[in-house]
Amino acid sequence: MVVRSHAMFQLPHDYVALDIETTGFSPRSAGITEVGAVKIHDGKITDTFSQLINPNCSIPANVTRLTGIDNDLVCDQPGIDIVLPDFVDWIDDYPIIGHNVRFDLSFLCEAARHVYGHAHHFERPSIDTMAIDKRLFPAKRHRLVDLIMRYGIADNEQHRALSDATQTYQCLEWQRRYIKVADSTKLPFHI
């Protein structure tokens, strides 16, 4: 469960920024096709995790157009039941950062319930770069591509998990510098 708190907090310097690609929007009916993450220590990337996943369902054409991930690309890849334990071990106890992190966590929690019978591994502090951006720039759009362009990080979003996770990390570090003078009590921190 994600609970919103507006208590004073510090953005972590050690965390995992993650992103997933999926076959659809519902964690109960769609599958994960890719997991990508960067591990951050003192604001620097120290490790990466990237794995295509066979979702055991057909990938819709609109998803393939967006991500470049098609059925042929994932047909020989491991399923989430093989990938998730390695990913959970890799994340360790780091806080999770994501862009629209609730979406990613909803799929990871559903996968964890399938693999482990519970979602405890993903019930941890998480910070959403989209929610922070909504507080900083309320009148603007808040897609990842909007942030990376507004922050001068890149001109486009690749819609692949590792590159999106890397851009999410870059967004959080930009936000960290920007909010040093802002009132951090108004920023969202998800637990």
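The values are calculated or read from the model by the stated rules, or taken from the named source; none is laboratory data. Bear in mind the structure is a predicted one, so any value in this text is a computation, not a measurement. Using ideal geometry, Cβ is built from the backbone for each residue, glycine included, and neighbour counts are taken over all protein chains shown.
Yes/no per residue for (1) at pLDDT 95 or above; (2) farther than 15 Å from residue 173 by Cα; (3) surrounded by 22 or more Cβ atoms within 10 Å (Cβ to Cβ); (4) under 17 Å from the mean Cα position of the chain (by Cα):
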site	(1), (2), (3), (4)
1	no, yes, no, yes
25	yes, yes, no, yes
60	yes, yes, no, no
67	yes, yes, no, yes
70	yes, yes, no, no
Among 122, 107, which is crowded, with 16+ Cβ neighbours inside 10 Å, touching a Pro at 6+ places or on another chain (Cβ under 6 Å) and not hydroxyl-bearing (Ser, Thr, Tyr)?
107
Determine if the stretch 64-84 includes at least one residue that is within 25 Å of residue 14 (Cα to Cα) and charged (D, E, K, R).
no
Return the pairs, sorted by first residue and then second, in which the second residue is part of a helix (DSSP H, G or I), the first residue lies in the stretch 118-129 and is hydroxyl-bearing (Ser, Thr, Tyr), the beta carbons are less than 6 Å apart, and the residues are 6+ apart or on different chains.
126/101; 129/168; 129/171; 129/172
Which of (1) within 24 Å of residue 47 (Cα to Cα); (2) at pLDDT 95 or above; (3) crowded, with 18+ Cβ neighbours inside 10 Å does residue 142 not meet, given it meets every other one?
(1)
Looking only at the stretch 149-156, decide whether some residue is buried (at least 16 other Cβ atoms within 10 Å of the Cβ), closer than 26 Å to residue 43 by Cα and polar (S, T, N, Q).
no
Out of curiosity, is residue 79 loosely packed, with under 15 Cβ neighbours inside 10 Å and more than 18 Å from the chain's Cα centre (by Cα)?
no
Output for the stretch 109-125, where each listed residue is modelled with pLDDT of 95 or more and in contact with a strand residue (DSSP E or B) (Cβ under 7 Å, 6 or more places away or on another chain)
111
